[in-house]
Amino acid sequence: MTAQPYKPNFKGDEEPKLKLPEYMILIKEGHYEVNLCKLEGTGKFPCPVCGSVISPDDETEDTYSIVDTKTKNFDLEEITLECNKCKSIHKNTRIKIKGFIE
Ligand SMILES: [Zn+2]
């Protein structure tokens, strides 16, 4: 599946609540995509909705759960995460992480 075009889905004149960093795009309401190629450092980034720091090194699933993984030629292509902090609040935030393959 190819990447979907940027299509904001805001109701009426509602503006996005916060400006997204360069490495993150909004695919549709509550669904974000992070490009690791543009994310410098350790790969940590804050959840765009609640601000919880999501770290790929965190294996405790306190902050997030992996809901889907995709591979291409046995290499990791993308991971879809669900923010557990948001889930506990009520919003269901999905964050797709791409850019594993150089
Ligand atoms: Zn969150």
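Things to note:
- A Cβ distance below 9 Å, combined with a sequence gap of six or more or placement on separate chains, defines the contacts here; from the range 38-53, residues that are under 18 Å from N84 (Cβ atoms) and basic (K, R) reach residues that are within 16 Å of the ligand (Cβ to nearest atom) and part of a strand (DSSP E or B) in the pairs K44/V53; K44/I54.
- Residues satisfying the stated conditions in the range 53-91, i.e. among the small types (G, A, S) and touching an Asp or Glu at 6+ places or on another chain (Cβ under 9 Å): S65
- Within the range 1-38, the set of residues being at pLDDT 55 or above, closer than 19 Å to T69 by Cα and assigned to a loop (DSSP other than H, G, I, E, B) comprises G30, L36, C37.
- Residue count for the range 44-86 satisfying the condition of being outside any strand (DSSP E or B) and either over 12 Å from the mean Cα position of the chain (by Cα) or within 14 Å of the ligand (Cβ to nearest atom) (or both): 20.
The values are calculated or read from the model by the stated rules, or taken from the named source; none is laboratory data. Model, not experiment: these values are computed from the prediction. Every residue, glycine among them, receives a Cβ derived from its backbone with ideal geometry; neighbour counts consider all protein chains shown.
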